Structures are given as C-alpha cells and as structure tokens.
Amino acid sequence: MDPSRNGNGPHLRFESASDLFLQQLRAALQAPATAVVTIDMTEVAQVDTAALAVLAAAGEAAAAAGKPLYLEGARPSVYKAIQIAKLGAGFRRVHHG
Amino acid sequence: MLEAPVTLAASAVRSQERTGTLSEERQSQLDALVTRARLAAAAFYQFSQEQVDRCVRAMVIKGLEAAQQLAALAVAETKLGVVEDKAIKNMVATEFVYYSIKDERTVGIIREYPERNLKEIAEPIGVVLGVTPITNPTSTVLFKSLLMAKTRNAVIFCPHPLAQRCSNEAARIMYAAALEAGAPEGFICWVDDIKLADTQYLMRHPDVALIDATGGPGVVRAAYSSGKPALGVGAGNVPCYIHRSADLHMAVVDILTSKTFDNGTICASEQTVLVDRPVYDRVIQIFADLGAHVCSPDEVAILERSVVDPESGTMRPTAVGQHATAIARAVGIDVPPSTKLLLAPLTGVGRQHPLSCEKLFPVLGILPIDGAEEAINAAMDVLYFGGVGHTASIFCEEQAVIDRYGEALNAGRIIVNCPSSVGALGGVYNDLTPTFSFGCGTGGGNSTIENVSVRHYLNIKHMAKRTPVPQWFRAPNQIYYNLHALENVRALDTRNVLIVTSQDLDHLGFVEQVRTHLPPHVICHVFNEVEIEPTYAVIARGVEAIQHHRPDHLIAVGGGSVLDAAKAMRLFYAHPDLDFHSLETTFLDPRKRVIQYPKPARDQLTLVAIPTTSGTGSEVTPFAVITDSERGRKVPLYDHSLTPDVAIIDPELVRGLPPGVTADTGLDALTHALEALVSIFASEYTDALAMQAARVVFEELPRACRDGRDLDARAKMHNAACMAGLAFANAFVGVNHALAHSLGSMFKVAHGRANAVLLPYVVRYNAAVPSKFMPFPNVKAYVAHRKYAQFAASMNWGGTDVPSQVEALIAKIFELLHACTLPTSIAALGISRADFEAAIPEIIRAAYDDISIRSNPRMPLITELEAVLREAYDGPRGEKE
C-alpha cells in the first residue's frame, strides 16, 4: 500500500488474482481515513477470468463501502477487457492530465 | 474428470415450473453462467492470434479423437441417424472446418487493402448463445466451439433438450482441450438439464450479445423475436432437378448418398427430385437397381397420411432420422431389408402434395417434368413450400441451364452435380465454406444467406485512411501564341477545312484572314451561322455542314460562343445518336459522373480554336455551353474530349475589340484566375498559371481598354486569358461563376460583366472563415484567404498580414473596375432593387444547380449567398454608384 500516491487513499498493486489482494482491498476500504482506493495495474500484461472475477469483487466491495475505486496504469488491452467484462461501472480511471 | 465451469443443479431444474417461467434460483444460476462467460470473453479479448490458433488446433485434435464416441452417444440418446455418418459429420465439423479457417486471421488487423487505404480489424462479439439441434447434436457443437475459439468469443450452449447429454459432452471435450491449450476459463459453457424456458431466458439476457440458433423455424423465430442480433438458420426443402443431359448414374448415386446420409437428417438433403420426362423411367429404374423402393400410388397415399402431419403439412418428428426400412415397417409397407430409400412418385409439388415437403428421413418425392422452364418453376414451388433461401440442387451438363436454374431460385446454395447434403456442408465435394449452419437469407428470415463461418462471429471494423484523389493537368496538344501566331495555320496537316464562325465575324474579315494563311491546295468551307449563346438547332446545322463537306479539320474563329459551338459540333458529328439532354446530368465528381461521354475516335476531326476575344479561355477548356431553346435553359457540357487540339492565340485578332468588350472579357479572365486559385481542385500547376494570369490582367487590362491598338497590352491580355483558361480547365471555378451565370441569364448581363460586379464581394466571402467547409480529400487546410494574400503580397500591394493583404486585393479589384469603367455594384447595372430582391431566390436556386459551385473553397449556404448578392447590389462600402 502506498497512501502517498494520489494523496487521498491507499494504493494497491494488482498482479494477479489472489485472496490476499481482496483482503487488503477490503481492509483499506474499511479504514475510516480512506477516501478512495487506487489499484495500480501497471504490471499487468493480461487479465484472465480469475483476475477479472477478483476485480469484479473489488468493484462490488467498493460500491458497498460507498468509496470510489480508481484504476491506474492499465494498458489499453487490459482496460478494454475490463470494459468487455462490464466492470467499468465499478471503477474510475486515474487520468494523468 | 473436468467439471463444467458452471453447471446447473438438478434441484433447480426440478423447481422450474412447467409453464415456462423460471424460479429465482434457476434465474440466478443462469445469470452466474452468463457472468462467467462474460468474464471469459473479456479475458479472451486479450489473446494473440498465436494463442487463439493454439487453442483451436488442440480442440480439433480432441474433436477428431472423439468423433466416433460422440456419434455413438448421439444416436443412442436421440435415436436418430446413423453412427457411421454422424462420425463423418463430426470429422467434417472439425478437420474440414479447421482446414478452412486455420490460416484465417481473426485477431487484430485481419485484412489489408493497400490500394484502397483500407484495413479490416477483428472485434469479438462477446457472449454468444449457441442453440443447437437434435439432428446434428454433436457436430454442430464441435463446429461452433471451434469458431468461437477462433473468434475469441465465449459461448453458452443451449442444446436441444432431447440431445443434451451428447451435445454437452461434445462441448465438454472441446472446452477441456482448449483449456489445456491456455484458453480462458469459462469461454465454453453449457446448460445442464435444459428446458425451453432456460433458452428463452438466456435469449433475452442483457449480457448475451448474439444468438446463434441452428434448428427448426420455431427456434429461429424465437431467436429473431428476442430483439437481439441473431444468426438464425432454419428449415430447408431442397428441390433437385435431373436434366436430360445429366450423368444419370452419378445423379442417382449422389442422391442416394445424400438422402440416406445420417438417415436424411441434414436439412440440405434432397426432398423432391424433378426429372426430365425423357429420362424419367430410366432414372426410376436406376433408383430401383441401387436399392430404392419405388412406391405404388397406394403406398404413396399411406406415406402421405403417416409421415406428414395433415394439419400443418410438415413432417412428423417420429420419422426424422429413421432408416427407410423402419419407416416402411412402421407404416405397413412391405420392403426388402436392403431398401435404402422410399421413392414416392408424385403428381405435383406444393401444399396439395404432402410428400413434397421437407422430410428429414429417407423418403424422397420424384416427379416427371417437361423441360428446364417447367423444372425451374416446379423447383420454385418446392422452395416456397418451406425452404426459401436454403438449398437447391441440379444434375446437368448444360451450363446455360445450370445458370438459369441458379439465377431463378432463391437458395443460398445451388449445388451442381453433387449430393446436396454433403455438398452444402462444403469442403468435401466443392469449395463452399465448410459449415454446420446454413444461412437462408431474408427469404428464410435470416440475417445471412451464406454458409456461416468465422466472419459471422466477428464485428469486422474498417479502418479507412484518407485517400487523396489523383488529379490531372490537361491542355490542348499545341498552343501557338503572340503576334503572327496565325501563321501556324499554314502548317496544319489538312486538305479540307470547315471554318466555324458567326456572320458578323465573317463580315468583319476574320474568315478571310484565316483563309489567306491556309495553303492554296486546302479546300476551305465556311459555316457562319453561329450566334451568341448558340442553340442546339445551330449545332445540328453545323453537324449537317460537316457531314456535307467532310472536312478533316474544324477551325473555329470567334469568341466563346463560336468556340463552344465548334466543340459541340465535333462531338455530335462523331456521335450522332448521343442524347443531348442526357449530357446535362449534373455530377459531384467528374470521375464518378453517371453520364460518361463517348471516347473520341482515333480519326476524329481536329479542332483548331482561334479566339477573337481575350477572356473566355474556351480555346483551351473542356467546357461548352449550348442553349436549349425549347426549354429556355443553358446546357453546360463538360468533358476533356471537348478540349480543342490546337489553340492559336494571336493578338492581331483582338486588336479591334471595343473597350467595353475588352473590359468585360478581361474581368472574366481575372475571375477565372482568382477562382481557379482558391478552388478545391487547385494544384501547383494551376496556381502558377492563375497567379500569372491575374498579375497580367491587373497590369495590362487598363492599358488594353484605353488603347485597343496597343498590341503589347493586347498580346499580354490574350495570353493571360489563355493561361486563366488553362488554370480553370483543370481546377474549375467557383461560386462567383455560379452566381454570375444565373444573374446574367436572368437580367441579360454580359457574362464577364456579371462576373466583374460580383468578384470583390466573392473574394471577401471566400476569404472569411467558412461556416461550412467544402469536403474534398485533397484539401488539407483552408487556404483561400492565404492564397489571396499571397497573390496580393506578390503584387506588392501592401498589407502586413493576411486580412490586410486580402483587403488590398479587394481594393485593387475595385480600382481595376473603375479603371475599366465597369460598374462596381449590381445596382449600377440598372437593375431595380425590387426586381433584384424578387429574383434572389431564383438566382440562388440556379446557382446551386451550377456545377461551378462545387469547386468553391467554402460550401456556400443559401443565407450566405443572399448576403453576398445584397452586398454586391449595394456596392462598395460607403460608396454608392
């Protein structure tokens, strides 16, 4: 977790589908100080079905906590897969403009 | 043993109500299945072609290995068909399909058309609902699984409820093979313990992107009525014509092969054979010799009652896929055990003849027919009796008959000299795309009429790069200019010329001037009937003169009217059947125009154009204007074949022009130059000519107007007009000409003068940022204002930036008009404001009909043209005439 990035919430690196990731994410979402959570996808070349399922669960958890979930650094093929999987509604994309 | 990614619990199925509604539990299970498939489709999207092909290959190998096993499962479960034949179907569905798709690109850029600057890019569809039939329950699943993998889609199979065990086993085998090769989890799913309500629910599921329904009309209808994109294929009723020229033995063997294949369960198999009467008995005999039982009339009647439902007129399901002997036994017809087929002689086809319907079992109608025409009509009757758009077959050695048959019948597959069932599957007897889904086109309520394959499971995107159109620069073969250019007439390779001119010019001695330059041996005739604004009647008389005198050269001496007339005379002399009115058909792009001019003959008359005014440029242009006196309108002709072959630009011939005509024609030339300069068709070639022509007009026209005998000024103006002509012959003109044509026509204003009073206002209009740009691929930026400014700067007229340089150009145009004693407003032409205001709508309407408007740099709007006209009427700002 790197709360310094984006300044206002924890920063989770996503590498592959894992229960640990989901646990970390849920913990981060439950922390009262957390305003947003950012998932760093920079290292992800491809997302498989399991990874997409984890991301779907992450989106649902964030929605349940009422906190926005940001995606950062997703390459277009990964981002397109997230769109095809219809997970887009659960996420906001970090825009470095 | 691999488990299905998501299977449905039997308890949920039991709770499913018989009424067709689903329990909440069942719905959530189906939802989970779709979600799984959706995530798999998303994961699959990221696969490379190599990853995809690896999966497909692994699936094919496993499918081939399981071909026999799946065939046996299918027959055991459905009690339809023949194990050996179903095994072949499974092999075709894997090996043959693989052979046809293995090298096909389905990921990323799949096809390129460099000459068209086009690329096709594959986009997967997403989640596909695969509805599969009872008749081909495993082969269809194998086929669709392969295509889904090849196209990176996820599929949920909804098998026929009476074939679900074998269909789902086929899906499981393909999925396991793909998964082992790296395919995403869940990309093949299937519904266990399926009921009709499950399929209906999934058909309407928001996350299902496409329904791919193979089955009977009910399934296809349900798919299409779901409101989703659907590939639906349905019933056939295949007519088969045996023409007297056919190889009869081959025909009968093929039909037996086809109709008995898997006991006739392929919907592309023959249903009614239409046999030319002279060979009918022979065909019947061959059928009998090869194991068909030829039914007696009583037996036909029994079959009609027993294998066809009299209410619906369709086959009874109990007979589908059964062996001929089993059917015979069931209905009480005594046949030998070796019987392959029950052949039912019919007395006609259609609803009144029940056995001419689709029969997915080895009962075949047969009917004698009197020749090809009758056969085609009868085949149509068969197709329209439940098989429109599907398949038809013919055995024939006469290509003309085959072609007529194919053209007449509404069938997606016309199978020639092959068994229609295996033939339609493709890849075995012919080069059709191998498939297990036959599109039946709109006639069958389908979105495609093709053999369904890879392309139907992709969204194929087209990436189109800007493609500038090729341009040209065309000019007469020879242009002779400057003083004494007329001497070149002497060098013409001619024995017989016809001089085309007007009476006035003839009387003024122009004809004599030309004649004296011709060698003495040349026979010279004169046609001097051309008037201002020549009519088609004059052209017709001119053509008669050519026919009478048979010249080898036309020498046109005169202004624009004479030169235009000569161009038209040459055209209509060479092509007397040409429809004058058709040539006025308007066009947007000269390369794509509907009406094409005939190509000039090699021995066509040589046209020599000698202008006696300095303005129209007609001596070098591909345009002519002829008046249609009957309809009271001018007909513009345009084609490069109209361009004269030789232009002679001799200032001696314009020395006597009165100042008014000199001014009018000079301003016409300037308008040609400035409009060609900013035209969307402008090029470096035309820019050079346009700029130089405009420069010369500004510098020399006042001098030529003041002193017509100044031959230096005359020569420069004569050349400038020709250069401007060359520029606009290739770049065209613009809105100034469009408005001037209609204004001049309506108020009888000389063409050059009409151009002149509009020019400064049109320049200001074109120099402004357009409210609408003119679409043209060669135009990369709006440059009209910059080109005006560039020209003004080249003339050293002051101004420090583009707007001030444009204003300098406009001021210089006004100066030129004053210097040539030309009006600077429409009001100054003596037109009352009331008349003018009343005429504005018609002026604009006619201008929009004018081809000139389409090369203007900005797309003129009606309100804008109204404003330009009113500004031109009022005259220069702060100045009234």
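The values are calculated or read from the model by the stated rules, or taken from the named source; none is laboratory data. These numbers were taken from a predicted model, which means no experiment stands behind them. Here the Cβ is made from the backbone with ideal geometry for all residues, glycine too, and neighbour counts use every protein chain on show.
Sort out which residues of segment B:679-690 are crowded, with 24+ Cβ neighbours inside 10 Å, in contact (Cβ under 8 Å) with a residue 60 or more places away in the chain and either assigned to a helix (DSSP H, G or I) or out of contact with any helix residue (DSSP H, G or I) (no Cβ under 8 Å at 6 or more places or on another chain) (or both), and write them in order of number.
Selection gives B:Thr686 alone.
Looking at B:Val97 and the list (1) assigned to a loop (DSSP other than H, G, I, E, B); (2) more than 26 Å from the chain's Cα centre (by Cα), which single condition is not satisfied?
(1)
In segment B:642-678, what residues are touching a Pro at 6+ places or on another chain (Cβ under 7 Å) and part of a loop (DSSP other than H, G, I, E, B)?
Passing the criteria: B:Thr643, B:Pro644, B:Asp645.
Identify, by number, the condition in (1) within 14 Å of chain A (Cβ to nearest Cβ); (2) in a loop (DSSP other than H, G, I, E, B); (3) basic (Lys, Arg) that B:Arg105 doesn't meet.
(1)
Tell me the residue from B:Gln596, B:Gln604 that is surrounded by 12 or more Cβ atoms within 10 Å (Cβ to Cβ) and among the polar types (S, T, N, Q), please.
Criteria check complete, one pass: B:Gln604.
Where residues in segment B:626-674 are of a type in the set (S, T, N, Q) and surrounded by fewer than 20 Cβ atoms within 10 Å (Cβ to Cβ), which of them is farthest from B:Ala574 (Cα to Cα)?
Only one residue fits best here, namely B:Ser629.
Evaluate segment B:195-202: report whether one residue or more is in contact (Cβ under 8 Å) with a residue 24 or more places away in the chain, of a type in the set (Asp, Glu), assigned to a helix (DSSP H, G or I) and in contact with a Cys (Cβ under 9 Å, 6 or more places away or on another chain).
The answer is yes, given that some residue of segment B:195-202 is in contact (Cβ under 8 Å) with a residue 24 or more places away in the chain, of a type in the set (Asp, Glu), assigned to a helix (DSSP H, G or I) and in contact with a Cys (Cβ under 9 Å, 6 or more places away or on another chain).
If you check every pair at least six apart or on different chains, which have Cβ atoms under 7 Å apart with a residue in segment B:292-303 that is farther than 11 Å from B:Pro345 by Cα first and a residue that is of a type in the set (Lys, Arg) and in a loop (DSSP other than H, G, I, E, B) second?
B:Ala292/B:Lys340
Please work out which residue is surrounded by the fewest Cβ atoms within 10 Å (Cβ to Cβ), limiting yourself to segment A:11-45 and to residues that are more than 24 Å from B:Ala32 (Cβ to Cβ) and within 14 Å of chain B (Cβ to nearest Cβ).
A:Ala45
Which residue out of B:Ser771, B:Ser794, B:Ser804 is free of Cβ contacts under 8 Å to residues at least 40 places away in the same chain, of a type in the set (Ser, Thr, Tyr) and surrounded by fewer than 16 Cβ atoms within 10 Å (Cβ to Cβ)?
Being free of Cβ contacts under 8 Å to residues at least 40 places away in the same chain, of a type in the set (Ser, Thr, Tyr) and surrounded by fewer than 16 Cβ atoms within 10 Å (Cβ to Cβ) holds for just one of B:Ser771, B:Ser794, B:Ser804, which is B:Ser804.
Within segment B:225-245, which residues are of a type in the set (S, T, N, Q) and assigned to a loop (DSSP other than H, G, I, E, B)?
B:Ser226, B:Asn237, B:Ser245
Please indicate, with yes or no, whether at least one residue in segment B:577-587 is among the small types (Gly, Ala, Ser) and either in a helix (DSSP H, G or I) or in contact with a Leu (Cβ under 7 Å, 6 or more places away or on another chain) (or both).
Yes, there is a match, as at least one residue in segment B:577-587 is among the small types (Gly, Ala, Ser) and either in a helix (DSSP H, G or I) or in contact with a Leu (Cβ under 7 Å, 6 or more places away or on another chain) (or both).
What's the total number of residues in segment B:512-534 that are in contact (Cβ under 8 Å) with a residue 24 or more places away in the chain and either out of contact with any strand residue (DSSP E or B) (no Cβ under 8 Å at 6 or more places or on another chain) or surrounded by fewer than 21 Cβ atoms within 10 Å (Cβ to Cβ) (or both)?
Number satisfying all stated conditions: 15.
Just for segment B:448-484: of the residues that are in contact with a strand residue (DSSP E or B) (Cβ under 6 Å, 6 or more places away or on another chain) and of a type in the set (S, T, N, Q), which one is farthest from B:Leu425 (Cα to Cα)?
B:Gln478
Residue-wise test of (1) at pLDDT below 95; (2) outside any helix (DSSP H, G or I); (3) over 22 Å from B:Ile366 (Cβ atoms).
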site	(1), (2), (3)
B:Ser393	no, yes, no
B:Ala400	no, no, yes
B:Tyr405	no, no, no
B:Ile414	no, yes, no
B:Val422	yes, no, no
B:Gly427	yes, yes, yes
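I'm trying to understand the selection: among the residues of segment B:308-352, which are surrounded by 12 or more Cβ atoms within 10 Å (Cβ to Cβ), among the polar types (S, T, N, Q) and part of a loop (DSSP other than H, G, I, E, B)?
If the condition is that a residue be surrounded by 12 or more Cβ atoms within 10 Å (Cβ to Cβ), among the polar types (S, T, N, Q) and part of a loop (DSSP other than H, G, I, E, B), then B:Thr314, B:Gln322, B:Thr339 are the ones that fit.
What is the residue count in segment B:170-189 for residues that are of a type outside the set (Ser, Thr, Tyr), part of a helix (DSSP H, G or I) and either surrounded by 20 or more Cβ atoms within 10 Å (Cβ to Cβ) or away from every other protein chain (no Cβ under 14 Å) (or both)?
9
Which pairs have Cβ atoms under 6 Å, sit 6 or more apart or on different chains, and link a residue in segment B:25-43 that is more than 20 Å from B:Gly182 (Cα to Cα) and more than 8 Å from chain A (Cβ to nearest Cβ) to one that is part of a helix (DSSP H, G or I) and of a type in the set (Gly, Ala, Ser)?
B:Glu25/B:Ala12; B:Arg26/B:Ala12; B:Gln29/B:Ala12
Determine if segment B:550-567 includes at least one residue that is farther than 18 Å from B:Leu653 by Cβ and either surrounded by fewer than 19 Cβ atoms within 10 Å (Cβ to Cβ) or at pLDDT below 95 (or both).
Looking through segment B:550-567, at least one residue is farther than 18 Å from B:Leu653 by Cβ and either surrounded by fewer than 19 Cβ atoms within 10 Å (Cβ to Cβ) or at pLDDT below 95 (or both).
Within segment B:489-511, track down each residue that is crowded, with 17+ Cβ neighbours inside 10 Å, under 19 Å from B:Glu619 (Cα atoms) and in contact (Cβ under 8 Å) with a residue 24 or more places away in the chain.
Listed by number, the residues that qualify are B:Val489, B:Leu492, B:Val497, B:Leu498, B:Ile499, B:Val500, B:Thr501, B:Ser502, B:Leu505, B:Phe510, B:Val511.
So B:Arg602 clears everything in (1) more than 27 Å from B:Glu531 (Cα to Cα); (2) in the same structural domain as B:Ala754 (by TED's automatic domain parsing) except one condition, right? Which one?
(2)
Determine which member of the set B:Gly130, B:Gly63, B:Gly81 is touching a residue at least 60 places away in the same chain (Cβ under 8 Å), at positive phi and surrounded by 24 or more Cβ atoms within 10 Å (Cβ to Cβ).
Result of the check over B:Gly130, B:Gly63, B:Gly81: B:Gly81.
Please go through segment A:59-96 and pick out each residue that is in a loop (DSSP other than H, G, I, E, B) and away from chain B (no Cβ under 14 Å).
A:Gly66, A:Lys67, A:Pro68, A:Gly73, A:Val94, A:His95, A:His96
Can you tell me how many residues in segment A:46-58 are within 12 Å of chain B (Cβ to nearest Cβ) and in a helix (DSSP H, G or I)?
9
Could you tell me whether B:Gly227 is out of contact with any helix residue (DSSP H, G or I) (no Cβ under 7 Å at 6 or more places or on another chain) and modelled with pLDDT under 90?
It is true that B:Gly227 is out of contact with any helix residue (DSSP H, G or I) (no Cβ under 7 Å at 6 or more places or on another chain) and modelled with pLDDT under 90.
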